[in-house]
1. Just name the residue that is farthest from residue 66 (Cα to Cα) out of those in region 89-105 that are in contact (Cβ under 8 Å) with a residue 40 or more places away in the chain and not in a loop (DSSP other than H, G, I, E, B).
2. Hey, can you tell me all the residues within region 27-36 that are outside any loop (DSSP other than H, G, I, E, B) and within 19 Å of residue 64 (Cβ to Cβ)?
3. Please determine, by comparing only the residues of region 69-81 that are in a loop (DSSP other than H, G, I, E, B) and under 14 Å from the mean Cα position of the chain (by Cα), which one is surrounded by the most Cβ atoms within 10 Å (Cβ to Cβ).
4. So is residue 66 surrounded by 14 or more Cβ atoms within 10 Å (Cβ to Cβ), more than 12 Å from residue 128 (Cα to Cα), within 12 Å of the chain's Cα centre (by Cα) and modelled with pLDDT of 75 or more or not?
5. Could you please tell me which pairs satisfy a Cβ distance under 8 Å, a separation of 6+ or placement on different chains, a first residue in region 31-44 that is more than 16 Å from residue 115 (Cα to Cα), and a second residue that is modelled with pLDDT of 80 or more and exposed (fewer than 15 other Cβ atoms within 10 Å of the Cβ)?
6. Quick check: is even one residue across region 33-52 more than 16 Å from the chain's Cα centre (by Cα) and modelled with pLDDT under 65?
7. Given the criteria surrounded by 17 or more Cβ atoms within 10 Å (Cβ to Cβ) and touching a residue at least 12 places away in the same chain (Cβ under 8 Å), does residue 123 qualify?
């Protein structure tokens, strides 16, 4: 039986109006930890950018994970620095040509399915958007 991956894929980077980039989460207020799944396709680097536009307390920590079909689990590849301010952006880059650096980059092959998880500190609303771009 072929592996089809997770069922909630919201974006791919090889199709759409702007191939190579996608908005995974449009700007909006969030009060709970959430995840969004995407299919990166075949690229050298995938960069996920999170930008906060409204913030009152607490913070949010982005992480990039890949789906392991053999164990049917998500495995963390890279965790970004906690975002604690308005207008703050964080970019996480992963791929075979990415430079490994703490909280910002990890050199690795890209998995067929990847996920961005936003872990919030508390129930205070934080407004953010998530975009992904491939090169």
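The values are calculated or read from the model by the stated rules, or taken from the named source; none is laboratory data. Computed from a predicted structure; not experimentally measured. Counting neighbours? That spans all protein chains shown, and the Cβs are built from the backbone with ideal geometry, glycine included.
1. My answer is 89.
2. Matches in region 27-36: 30, 34, 35, 36.
3. Out of the qualifying residues, it is 80.
4. yes
5. That search, which allows pairs on different chains as well, returns 44/96; 44/97.
6. The answer is no, given that none of the residues of region 33-52 is more than 16 Å from the chain's Cα centre (by Cα) and modelled with pLDDT under 65.
7. no
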